[in-house]
Structures are given as structure tokens and as C-alpha cells.
Amino acid sequence: MPIQLNEENGGKILVIHVSGKLAKADYDHFVPEFERLVQQHGKLRLLFDMTGFHGWDAGALWEDIKFDIKHFADIERLAMVGEKKWQHGMATFCKPFTTATIRYFDHANAAEARKWLGEV
């Protein structure tokens, strides 16, 4: 599955690992699960791991934009972990679409990303 979700820290941190190329259908599982966690815990902290991620097809990109607009204020912190220059650029690109504090971490610094998410 191109999107894998894992709850950490009692569900307050959501680890999202994306791989391959996302399609519209991948959001059918992800969005309801994300919304359940927001309803249960309030604002979430996300670790968005893009290791092995190759982007979106057109339908998935549209789903992602709709998700960003709907959940503009549901994310408190967003740690983006990647391995490619374009993934680093996504951290800057995402800022207008959320009220979350966003930081990019190289894949080698994934432990630092988790630490940052856990800080008060």
C-alpha cells in the first residue's frame, strides 16, 4: 500500500509513510482514518516520511489539495522526512496550505524529526 499510517504517543503523533506514486484511490483509506484521529485527539502532529515517494498522479494530486484545504487547521506540527531535493522544496510549498509549523528533515535525521514532534 502506498500510504501506511502508524499512531505513536497515544495517537497524538501520526506517522505517514508514502511510497511509489500515489493514486486517487489511496486517499479512500487515508482520509477517513486521519479524520477519525482528529476527532479523537484534536490537532495532530505528523511525521510525513517520503522515503521512496515518487509523487502523485493527477487524481491523487487533486485529492491532496482538497485534503489540505479541509484540514488546514488540524495539524499542529508537520515533520517532512525525505531524501530528494524536490521533497525538501515541498516543505516550503506546503506552508500556505496549513497553520502547522513545518520542518524538513533529511532521511538520515528521522530520529531528530520524531524528537521535534514530541517536544512541548
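Derivation of every value follows stated rules applied to the coordinates shown; laboratory data play no part. Nothing here was measured: the structure is a model prediction, and the numbers come from that model. Note that each Cβ is placed from the backbone with ideal geometry, even for glycine, and that neighbours are counted across all protein chains shown.
Dipole magnitude for the chain: about 300 debye, using +1 per Lys or Arg Cβ and -1 per Asp or Glu Cβ, origin at the Cα centre. Shape index of the chain: Rg/Rh, with Rg the Cα radius of gyration and Rh the Kirkwood radius from the inverse mean 1/r over Cα pairs, equals 0.92. Across the cross-link table entries LYS12/LYS85; LYS21/LYS70; LYS12/LYS95; LYS70/LYS115; LYS43/LYS95, which are compared at the Cα atoms, the separations over 24 Å belong to LYS12/LYS85; LYS70/LYS115.
Assuming R0 = 30 Å, what is the FRET efficiency of GLU7 and ILE65, from their Cβ-Cβ distance, to the nearest 0.05?
About 0.75, to the nearest 0.05.
With 0.36 nm allotted per residue and the present C-alpha distance subtracted, the LYS95-GLU33 stretch has 20.0 nm of extension available. Along the Cα-to-Cβ line of HIS54, 7 Å from the Cα, sits a label point; which residues in segment 7-24 have backbone N less than 18 Å from it? Output list for this probe position: 17-24.
Each Cα pair under 8 Å and six or more residues apart adds its sequence gap; the mean of these over the residue count of the chain is a relative contact order of 24 percent.
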